[in-house]
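What follows is calculated from the coordinates using simple rules that are stated; it is not laboratory data. In this text the structure is predicted, and so the values were computed from the model without any measurement. Don't worry about glycine lacking a Cβ; one is built from the backbone with ideal geometry, like all the others, and counts go over all protein chains shown.
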Amino acid sequence: MIRLTLGEVADIVGGTLRHADPHTVVTGTVEFDSRQVTPGGLFLALPGERVDGHDYVAAVTAAGAVASLVTRPVDAPSIEVADGFAALAALAGAVARRLPDTVVIGITGSSGKTSTKDLLAQVLARAGRTVAPPGSFNNELGHPYTVLRATPDTRFLVLETSARGIGHIRYLTGIAQPRIGVVLNVGSAHLGEFGSREAIAQAKGELVEALPAEGVAILNADDPLVAGMAPRTAARVVTYGVDPTADVRAEGVTFDELMRGRFTLVARGERAGVALRLVGAHHVSNALAAAAVALECGMALGDVAAALGDATPTSRWRMEITERADGVLVINDAYNANPESMRAALDALAAVGRARSGAGGRTFAVLGSMAELGDATDAEHVALGQRAAALDISRVVAVGEVARAIGRGTALEGSWSGTAGWVPDADAALALLRAELRAPDVVLVKASRAAALERVALALAGDTVTDGDSSTAEDGGSSA
């Protein structure tokens, strides 16, 4: 964060400074996890379902925090405010306004936000200091938290913007107005909350509405609902995709045996080859979005292509591949799930399996529930099972009560030669897989966060899991 005195912070957030010198300078970061506080920093004490941050104020003071943002009196240096989230947003907004030379980039979409953010951050880092959120920090907590990581030497600030309803993205863009806005897609994630894909598109389009006239809207030409957002912005529009009319496009797309994309990047009359290290066909679109932004930020096409080829996964449990010593391949895509990302993961599993089938490898899809689909829940799970069978996945294992519908879906594909099973929980799934897997089988594990199926994938890959590994606190609360 830029340096501010406690008096300045108190003025910005409309709080009351207690037990502290107003001239004390905040030299560290703002943290809401007491374990991350460093000397000179600020601690945001938030009440939670299981723990209350106010209980850790004494500890963070001892660790060197110059003050804590609190909502009730504490016997320590503090700034008392009415609402911790509002205070965080106000502070982040003030910091963003004091960084006029920093290019703020907002990314939204029903799926792919975090993967695209990770790609873009790695590409832009070659052009200047880049700040991007860790994991999926993309809501009213994670978004301003990321803004506060920016400093005067930050050239690019990459932000995820999520929504669980109309107006949420408008609120986030009010904290730090983006100069470049990227809309990836409009899918079915959180369909139960929005009611329709058109409502989701309305919410996502708030990002391009927030752009200034001198800004740039990066829109997916392959998604009609995204491409249709062009009239909603005063900014210049740049399109990307495999569509031959896209401004930034991929030609000659192919995939290797691990479904890593290879294509020719075409833009502004230039061409360059790209060989991705990321697994899954969907990453081609993500890479094009990142390329479009990087070009708008002044990078040369060849440099963008090279950076895309060097980029690796940086957020956990997203198409992570581990090949065990015995030859079994584990694909851990268990961070989250919606119908679109489930289909993309199954497509990748089928393709990887085909490349290994000559050696007798089978494909296992371990699938948990997809959350927040509302009235479409049953139908989407049935459709998922049918998709798995149509792809000729060898073994489908549905985990949990909601996922039972996946098995019904596999039965709708009459020509399928595979088998489907159901287990009640992650422990049962792990036991089944340990009994059945053999080299060179490929197993995909995927579900929404609530299912916590990453435990299955990590155990299969030989990792040790602790209780803390399944916490979502580190991601600042992921949304659509």
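Residues whose amide H comes within less than 5 Å of that of V26, counting only those at least five positions distant or on another chain, are L4, T5, L6 (H built at 1.01 Å from N in the peptide plane).
Over the stretch 4-81, the pair-distance histogram of Cα-Cα distances with 10 Å bins from zero comes to 22, 60, 18, 1 percent, rounded to whole numbers. Using the average count of surrounding beta-carbon atoms within 10 Å as a protection proxy, the listed peptides 412-420, 139-147 rank, highest first, as 139-147, 412-420.
When the Debye formula is applied to the Cα atoms of the stretch 323-418, each taken as the same point scatterer, what base-10 log of I(q)/I(0) results at q = 0.13, 0.23, 0.26 Å⁻¹? Values, matching the q order: -0.43, -1.21, -1.46. Any idea what angle helix 282-296 forms with the longest principal axis of the chain, computed on alpha-carbon atoms, 0 to 90 degrees, nearest 10? For 282-296 against the chain, the angle is about 40 degrees. In straight-distance terms, cross-link reach from K113 covers every one of the aspartates and glutamates whose alpha-carbon lies under 17 Å from its own, apart from those fewer than eight places away in the same chain; here that gives E140, E160, E206, D222, D223, E320, D333, E340, E474, D475.
Hey, what D do you get for the stretch 322-367 in µm²/s if you plug the Kirkwood alpha-carbon radius into Stokes-Einstein at 4 °C and 1.567 mPa s?
Numbers: Rh = 11.5 Å.
Rounded to a whole number, D works out at 113 µm²/s.
Of the residues L288, V442, I393, the one whose Cα sits farthest towards the positive end of the charge dipole of the chain is L288 (charges of +1 on Lys and Arg Cβ, -1 on Asp and Glu Cβ, taken about the Cα centre). Compute the long axis of helix 339-356 from its Cα atoms, compare it with the longest principal axis of the Cα atoms of the chain, and write down the angle in degrees, 0 to 90, nearest 10. Value to nearest ten degrees: 50.
Taking amide H atoms as placed 1.01 Å from N in the peptide plane, the amide H of G273 lies under 5 Å from those of L265, each 5 or more residues away in sequence or on another chain. Against the chain, whose longest principal axis comes from its Cα atoms, helix 301-310 is set at around 70 degrees. With Cα atoms as the point set, the stretch 226-325 shows a radius of gyration and Dmax of 14.6, 55 Å.
Along the axis of the charge dipole computed for the stretch 99-310 (Cβ charges of +1 for Lys and Arg, -1 for Asp and Glu, origin at the Cα centre), the listed residues M259, Q122, V279 are led at the positive end by Q122. Summarising the overall dimensions of the stretch 99-310 from its C-alpha atoms, the Rg and Dmax are 15.9, 45 angstrom.
3J(HN,Hα) along the stretch 52-57: 10, x, 5, 6, 10, 4 Hz, from the Karplus curve 6.51 cos²θ - 1.76 cosθ + 1.60 with θ = phi - 60°, whole Hz, x for Gly and Pro. Take each peptide in 397-409, 303-315, 244-256, count the other Cβ atoms within 10 Å of every residue, and average; sorted highest first, the result is 397-409, 303-315, 244-256. Summarising the overall dimensions of the chain from its C-alpha atoms, the Rg and Dmax are 23.2, 75 angstrom.
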